[in-house]
Amino acid sequence: MTYKTYGFTEQQVMVRDSVLKLLADVLPPQTIEELEAQDAYPMEAYQALAKAGWLALPFEEAFGGADASHKDLAAFIEATAFHHPGVTSAFMTTCIYAAMYIQYHGDMGLKEEFLPPIIAGQRRMAVAYTEPHCGSDAAGIRTRAVRDGGDYRISGQKVYITNAHQADYLVVTAKTLPDGGHRGISLFIVDTRSPGVTIRPMNAMGRRTSLPNEVFFDDVRVPERYLLGGENQGWKKLMRGLNLERVLLGAASCGQCLKIIDIARDWAKERQAFGRTITEYQAIAHKFAEMQMMTETARLHTYQAAQMLDEGIDAVLEASMAKVIATENNFKVADLGVQIMGGAGYMEGPMSRLFRDARVGPIGGGSSEIMRNVIARLMGL
């Protein structure tokens with residue numbers, strides 16, 4: 001295994017080893033391939049993580065959480081992504097993307113209502129930002145929320161919403177001040193069972209066990225208590241937690257890189273050409289060297305950013321760089337893995353699946369282009 005643990009604390013090594021053992025038991029390779037073929041959510045693995053207490057990692061101790069450090073979370077996410085990226089997406093959509101907004105911005109009543117059942121694996125969530133005509137430009141959303149007595153009514157459409165089809169609730173961005181730009185956005189918790197909510201899974205290139213979805217809101221009634229953080233305060237609320245998201249997306253890409261190297265190396269050491277294993281040829285050995293260098297570069301940036309966040313530093317620059325480097329290197333490593341395996345890599349199987357899975361990295365969670373804008377701005381440009 002290429003999975004080095006230098007720089008890890010004893011606790012982070014324990015996190016990695018425990019998670020990998022649990023997932024190996026409940027989600028063996030054959031089951032992964034079956035779930036992928038069926039576009040099926042990894043429910044058994046998700047519930048196993050919940051039963052073992054892993055869903056508690058990012059949450060406050062007052063609600064049953066573990067209040068884990070950023071480095072602990074990165075080690076956990078790297079391990080889940082090493083085993084299967086679909087498990088990582090299942091965890092991230094509920095426990096990081098959606099539930100963190102409740103932890104950061106919900107009142108005591110909302111926290112008590114949502115956080116314990118999330119930690120127990122009894123309630124799943126997703127976040128609905130993107131719309132058909134706007135992605136990175138969050139201020140351009142057209143979904144509307146209009147007051148109606150003590151409630152709101154939401155109408156609009158979202159798209160590419162990961163795991164919405166598995167979610168009990170969504171955190172939704174909507175305009176409460178139509179011409180207010182950033183200042184007109186509010187955040188709402190929406191029950192997916194509400195009349196007027198329609199969710200349709202989409203046919204994505206990869207990540208087949210955590211599908212994206214179209215979501216339609218047709219005059220959906222939402223109680224006022226499900227407004228998160230105040231009316232027209234959504235933009236500032238959206239900014240909270242971006243560093244954590246970017247670091248964990250970087251960690252997920254690192255885990256996938258490590259798995260790709262293992263798969264390619266195990267295959268290449270058995271493959272012979274002209275009487276020698278192909279790893280004896282410099283052209284192949286150098287590809288592995290490139291893969292290892294890109295992987296460890298991504299890991300160094302990711303864990304450095306996590307360490308800075310644990311020290312209380314607002315590491316926007318470092319988290320943004322980690323996200324770009326890790327996700328882009330993930331796709332490059334996957335491309336080399338396919339090339340090394342040739343036809344075997346191109347056929348349906350773990351390598352071609354990881355190649356497809358890697359492609360979303362530079363797009364989702366803040367595209368590489370947007371991240372480069374952030375980095376350049378922080379350079380004073």
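So the values come out like this:
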read-out	value
Filter result for Leu228 (in contact with a helix residue (DSSP H, G or I) (Cβ under 6 Å, 6 or more places away or on another chain) and either open to solvent by less than 40 Å² (accessible area, probe 1.4 Å) or touching a residue at least 12 places away in the same chain (Cβ under 8 Å) (or both))	yes
Residues of the stretch 318-342 satisfying the condition of being more than 21 Å from Ile363 (Cβ to Cβ) and either touching a strand residue (DSSP E or B) at 6+ places or on another chain (Cβ under 6 Å) or open to solvent by 50 Å² or more (accessible area, probe 1.4 Å) (or both)	Gln339
Residue list for the stretch 1-25, restricted to those being over 21 Å from the mean Cα position of the chain (by Cα) and among the β-branched types (Val, Ile, Thr)	Thr2, Thr5, Thr9, Val13
Pairs where the first residue, in the stretch 181-195, is closer than 14 Å to Glu231 by Cβ and the second is surrounded by 14 or more Cβ atoms within 10 Å (Cβ to Cβ) and basic (Lys, Arg), C-beta under 8 Å, 6+ apart	Gly184/Lys175; Ile185/Lys175; Ser186/Lys175; Leu187/Lys237
Residue list for the stretch 57-96, filter: open to solvent by 10 Å² or more (accessible area, probe 1.4 Å), assigned to a helix (DSSP H, G or I) and farther than 19 Å from Arg208 by Cβ	Glu61, Ala62, Phe63, His70, Lys71, Asp72
Verdict on Glu296 being open to solvent by less than 30 Å² (accessible area, probe 1.4 Å), among the acidic types (Asp, Glu) and in contact (Cβ under 8 Å) with a residue 60 or more places away in the chain	yes
Residue selected from the stretch 120-175 under the condition more than 23 Å from the chain's Cα centre (by Cα) and of a type in the set (D, E, K, R), by the criterion most open to solvent (accessible area, probe 1.4 Å)	Arg142
Single unsatisfied condition, Phe216 versus (1) open to solvent by 30 Å² or more (accessible area, probe 1.4 Å); (2) out of contact with any Asp or Glu (no Cβ under 9 Å at 6 or more places or on another chain); (3) at pLDDT 95 or above; (4) assigned to a helix (DSSP H, G or I)	(4)
Among residues of the stretch 361-381, those that are surrounded by 19 or more Cβ atoms within 10 Å (Cβ to Cβ), among the small types (Gly, Ala, Ser) and at pLDDT 95 or above, counted	1
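The values are calculated or read from the model by the stated rules, or taken from the named source; none is laboratory data. All figures in this text were calculated on a predicted structure; none of them were measured in a lab. As a convention, Cβ positions derive from the backbone with ideal geometry for all residues, glycine included, and neighbour counts pool all protein chains shown. Surface areas here come from the heavy atoms of the whole protein model, side chains and all, with no ligands, DNA or RNA. Shrake-Rupley method; radii C 1.70, N 1.55, O 1.52, S 1.80 Å.
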